[in-house]
Amino acid sequence: MQNRRNSPAQRPRANPAATRPRQTPRPGQATRPRQAPRPGQTRARSGAAATRRPGARSGVALRPQGRGNPPAKRKSAQKRLVSWIALAVVVGLLWFALDTVITLGIGTPRFYNIYVNGVSLRGYTREEGFELFETIESQWREKSYILYYGDYAWTFAPSIIDADLNAEEAIQRAWNFGHVGDIFARKAQVKSLQGDPYRLTSNITYDEEKLAAFVDSIRAAVNVEPVDAVVAAELEGPRLVSESVSGSRLREDDLLELLENLLIYSSNEERIALPVDTIEPELTTAEAKESLGENAPISTCSTSVDGSSRNRKTNIYVALSRFNGMRVDPGQTVSFNEVARERTIANGYKEGIEYSEGESTSGIGGGTCQASTTLYGALMQAGVTVLERYNHSMTVNYVSPSMDAAVTDSGSKDLVFRNDTDAPIYIYTSVDDDYATVQIYGQRPPYRYVFHSVVVEGNIQPTGVSVRIDTEGRYATYTDEKVLVTEGKKGMRSELWRESYDWETGEKIDSLTVQISSDYYSPGNNIYYVGTQQRTTQAATPTPPIAW
């Protein structure tokens, strides 16, 4: 009976293995015996489509179309992946081996990029490195250098101070670099030397006492103190007596560093200049000549002493004489009271007229203020910086208002100045019967200075009163008699202005006109005298009777 063909929708998919034609065995090839089907298994007949009963297993599992690769393709991809991994591992190992050979080198081990005492050991074997430094140390010990300064010269060699190079330890350390440790550590060390060499210094030893003695011998010859130019004070002014001499000083720390470098690194130079500083004197010949000019003072101030008592003139002379021939160096500050000293009989001062509390009185050192005022005028013309100055309590008759400089023995008022020029100044003073004079020699100021006193407010009337008893009866006799003997000075307000003129053209520089000071002078006291006698009232004399 014939089987009915299933419709396409009902027909099961054919098993490729079941439909594959039977192959005839090649000659000599053993034929595989047919196996009997397992129980429940139906073998498909040749030439017909295999059918599967519900629940029956096929010899080959059926896979739905479009889901994953067949097993053969998947196995092939896995094999290719394993092959690529193995190839990468082999290439990596080859690259590491090649890089290691390139980095560490092959053949006889040698030094890498390392210096000892400035000498490169690169490319030397260990034995060659030690032999090289044996030769270097032998030459190094006897190599000498000439250290010089001016006409002086000293020979220096390591053998002079019993120096030893002691390079063995440093060479061994240099050899260990890249030769000791595992392969990774060695490669890392050698690679670090490719951009920057490793430098080692041997521990050089020497006799410290011999080195100190060598430095002492140089210091003793090199260190010379400078000598200032000498200016003598003469009647016509200061005069250059002797010129200056520059000094020199050895920089010992720099010398020790130089010697250490010569011991460690050596030098191709055979003559080496010593580290020496030139020390200029405080007053050089050039500065002295500039200060002296052509023996012409840069400023002069004179005030009249005509009419002053002999004691007052003496006090002015004593104060100014302490400044005669004085040299004031650049940056130096001077106090008038310190130089003039305390106004005492022991210091040469005498009793003279001075101002106190609005009137003239007598005291030791009276007239000293005229000395400070005369000095102040010369300092201002010379362009010297005045740090401290005071006006008098009342106006004085020997200079214009605001051009005075009051000083007191107590120190409450002082004249303090500083030399801010680049050269010393020299002060000369003189006092005769007519004038007290101060002259200053030094560096000419940048401009010629002219000073003007300006009275802002004048004729301030006195309000204070002083009463004195006339014991001699010169002005008043009775106690109830009050006589005005001295009218007090009028007070005023004034200012001091400074104008600047060009030395060459004489042109006034308006922008440099400045106010120096603003001062107030108190009016003096009106001085009255009263007598010492009391007035008496006499009884009236009776009129005698008239005789008839």
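Right, S372: part of a loop (DSSP other than H, G, I, E, B), of a type in the set (S, T, N, Q), closer than 22 Å to I516 by Cα and at pLDDT 95 or above or not?
Spelling it out, it is not the case that S372 is part of a loop (DSSP other than H, G, I, E, B), of a type in the set (S, T, N, Q), closer than 22 Å to I516 by Cα and at pLDDT 95 or above.
How many residues does region 422-443 contain that are open to solvent by 30 Å² or more (accessible area, probe 1.4 Å), modelled with pLDDT of 90 or more and within 24 Å of D228 (Cα to Cα)?
1
Against the condition at positive phi and modelled with pLDDT of 95 or more, how does S402 come out, does it pass?
The answer is yes for S402.
If a residue must be modelled with pLDDT under 85 and part of a helix (DSSP H, G or I), how many such residues does region 170-183 contain?
So the answer is 1.
If you scan region 234-291, which residues turn out to be free of Cβ contacts under 8 Å to residues at least 24 places away in the same chain, charged (D, E, K, R), open to solvent by less than 100 Å² (accessible area, probe 1.4 Å) and within 30 Å of N117 (Cα to Cα)?
Of everything in region 234-291, just one residue is free of Cβ contacts under 8 Å to residues at least 24 places away in the same chain, charged (D, E, K, R), open to solvent by less than 100 Å² (accessible area, probe 1.4 Å) and within 30 Å of N117 (Cα to Cα), namely D254.
Show the residue pairs meeting these rules: Cβ distance below 6 Å; 6+ apart or different chains; first residue within region 122-143 and not in a helix (DSSP H, G or I); second residue not acidic (D, E).
R122/F111; R122/N113; G123/R110; Y124/F111; T125/T108; T125/R110
Do you know which residues across region 233-268 are within 19 Å of T155 (Cα to Cα), under 34 Å from the mean Cα position of the chain (by Cα) and part of a loop (DSSP other than H, G, I, E, B)?
Listed by number, the residues that qualify are R251, Y265, S266, S267.
Across region 390-431, what is the total count of residues that are free of Cβ contacts under 8 Å to residues at least 60 places away in the same chain and among the charged types (D, E, K, R)?
The total comes to 2.
Identify all residues within region 186-228 that are open to solvent by 40 Å² or more (accessible area, probe 1.4 Å), of a type in the set (A, V, I, L, M, F, W, C) and in a helix (DSSP H, G or I); write none if there are none.
Matches in region 186-228: A188, A212, A213, A220.
Report, ordered by the first and then the second residue, all pairs with beta carbons closer than 9 Å, sequence separation of six or more or different chains, a first member in region 370-388 that is farther than 22 Å from Y349 by Cβ, and a second member that is assigned to a helix (DSSP H, G or I) and open to solvent by 20 Å² or more (accessible area, probe 1.4 Å).
Correct list of pairs: V386/M380.
If you go through region 155-212, how many residues are charged (D, E, K, R) and in contact with a Leu (Cβ under 8 Å, 6 or more places away or on another chain)?
Residues in region 155-212 being charged (D, E, K, R) and in contact with a Leu (Cβ under 8 Å, 6 or more places away or on another chain): 3 in total.
The values are calculated or read from the model by the stated rules, or taken from the named source; none is laboratory data. Small disclaimer: the values here were computed from a predicted structure and weren't measured. So basically every Cβ, Gly included, is an ideal-geometry build from the backbone, and we count neighbours across all protein chains shown. Each accessible area value is taken on the protein alone, full model and side chains, heavy atoms only, with ligands, DNA and RNA left out. Shrake-Rupley method; radii C 1.70, N 1.55, O 1.52, S 1.80 Å.
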